[in-house]
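Please treat every number below as a calculation from the coordinates, not as lab data. Note that this is a predicted model, so its numbers are computed, not measured. Note that we place each Cβ from the backbone using ideal geometry, even for glycine, and neighbour counts take in every protein chain shown.
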Amino acid sequence: MIMPFDDFSYVIAGSAKITVDSGEPINLAVGDAFYLKQGQEVLFELSDDFHVVTMLMSDDPIEV
């Protein structure tokens, strides 16, 4: 997926492997935090119990 927003996330359950812009995979577990920039291409492989607390940011206006 192409990230539509900047994304700061903190893993609260489960695990994941993410690959950013076809680079080396990054393994994430409980207690890890990560930041993804708007426009990056990201592949997510998530455990069934994966949960994060996320803050999405963008300079682009949105309608609510």
(request) May I ask you to say which residue of ILE26, ILE2 is surrounded by 11 or more Cβ atoms within 10 Å (Cβ to Cβ) and hydrophobic (A, V, I, L, M, F, W, C)? (result) ILE26
(request) Please give the number of the condition ASP59 fails out of (1) more than 15 Å from MET1 (Cβ to Cβ); (2) assigned to a strand (DSSP E or B). (result) (2)
(message) Name the residue that is farthest from the chain's Cα centre (by Cα), counting only residues in the range 1-17 that are under 15 Å from GLY39 (Cα atoms) and part of a strand (DSSP E or B).
(response) ILE2
(request) Those residues that are of a type outside the set (Ser, Thr, Tyr) and over 17 Å from MET3 (Cβ atoms), I need them from the range 22-49; list them, please. (result) GLU24, ASN27, ALA29, VAL30, GLY31, ASP32, ASP48, ASP49
(request) Within the range 13-23, work out how many residues are surrounded by 14 or more Cβ atoms within 10 Å (Cβ to Cβ) and either on the phi > 0 side of the Ramachandran plot or without any contact (Cβ under 8 Å) to a residue 12 or more places away in the chain (or both). (result) 1
(request) Give the residue that is nearest to the chain's Cα centre (by Cα), with candidates limited to residues of the range 35-54 that are surrounded by 12 or more Cβ atoms within 10 Å (Cβ to Cβ) and aliphatic (A, V, I, L, M). (result) LEU36
